[in-house]
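Some notes on the structure that comes next.
The values are calculated or read from the model by the stated rules, or taken from the named source; none is laboratory data. Note that the structure is a prediction, hence the values are computed from the model and not measured. Cβ placement follows ideal geometry from the backbone for every residue including glycine, while neighbour counts extend to all protein chains displayed.
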């Protein structure tokens, strides 16, 4: 079951003319979050892995209104040149990530996954910090996961990186608090994106997931986007170091 698209009109008073950077915002959950900020009236910057990712955004009614550029978050010099050079920024959302099911048992692939998902997030946070410190209402939102809490036999790199994201979020919330930069994370459960299509198309595996999910449906990217817009807003002004589950109750079972 899919939910109706979210208009995000409730966030317009908060985000009109706010400057938002969504790293990894060209697809999946990141794209939904970027669309939400655009719909709320923000000035949105979006990064993708390649020029092709960026070109694809021109056909999206909302994302075509964002400013997009390619960024390899493994490259510290590129991250500093693109993000560190920003004069002003109100929110940074880190959504870039990869998963390599099965292959992550190879230490070399494990290291690649951690390099992008965890170290890449840290690079972006560090590069954005000076611009965020100049904002009167600054926030960072990181992308955790249910695998921040649970093991994953086929995805040890992904699980380790997402466990690290949870602790990185708490640590930076402490480190950046003196500059009034809040740092939180969302931990999505089973969300209907291209990465989970194989699972959703398998009746047995989908049924197993839904039977454990109290709300008995797959999450939609907009479910995560709504939580993201709240956590980055002044409505969450006294919330930092939080990991907010967006999982339909999956983690409670």
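Quick notes on this one:
- Tally of residues being part of a loop (DSSP other than H, G, I, E, B) and without any contact (Cβ under 8 Å) to a residue 40 or more places away in the chain across segment 7-23: 3
- Every listed requirement among (1) without any contact (Cβ under 8 Å) to a residue 60 or more places away in the chain; (2) assigned to a helix (DSSP H, G or I); (3) under 24 Å from residue 42 (Cα atoms) is met by residue 140 save one, (2).
- Search result, residues across segment 176-199 that are out of contact with any strand residue (DSSP E or B) (no Cβ under 9 Å at 6 or more places or on another chain) and at pLDDT 95 or above: 178
- Within segment 176-196, being surrounded by fewer than 18 Cβ atoms within 10 Å (Cβ to Cβ) and outside any helix (DSSP H, G or I) holds for one residue alone: 180.
- A count restricted to segment 220-247 and to residues that are part of a loop (DSSP other than H, G, I, E, B), within 20 Å of residue 146 (Cα to Cα) and in contact with a strand residue (DSSP E or B) (Cβ under 6 Å, 6 or more places away or on another chain) stands at 2.
- When we screen 173, 166, 128 for residues that are at pLDDT 95 or above, assigned to a helix (DSSP H, G or I) and within 24 Å of residue 220 (Cα to Cα), the only hit is 166.
- Screening 89, 71 for residues that are buried (at least 16 other Cβ atoms within 10 Å of the Cβ), within 30 Å of residue 198 (Cβ to Cβ) and touching a residue at least 24 places away in the same chain (Cβ under 8 Å) leaves exactly one candidate, 71.
- Condition check for residue 148 on (1) touching a residue at least 12 places away in the same chain (Cβ under 8 Å); (2) surrounded by fewer than 22 Cβ atoms within 10 Å (Cβ to Cβ); (3) closer than 19 Å to residue 105 by Cα: one failure, at (2).
- Looking across 79, 113, 93, one residue alone is modelled with pLDDT of 95 or more and not in a helix (DSSP H, G or I). It is 93.
- For segment 37-66, a residue qualifies if it is crowded, with 20+ Cβ neighbours inside 10 Å and either in contact with a helix residue (DSSP H, G or I) (Cβ under 8 Å, 6 or more places away or on another chain) or in a loop (DSSP other than H, G, I, E, B) (or both), and the qualifying residues are 37, 38, 39, 40, 42, 44, 46, 47, 48, 57, 63, 66.
- Residues located in segment 210-238, provided they are closer than 12 Å to residue 184 by Cα and loosely packed, with under 15 Cβ neighbours inside 10 Å: 237, 238
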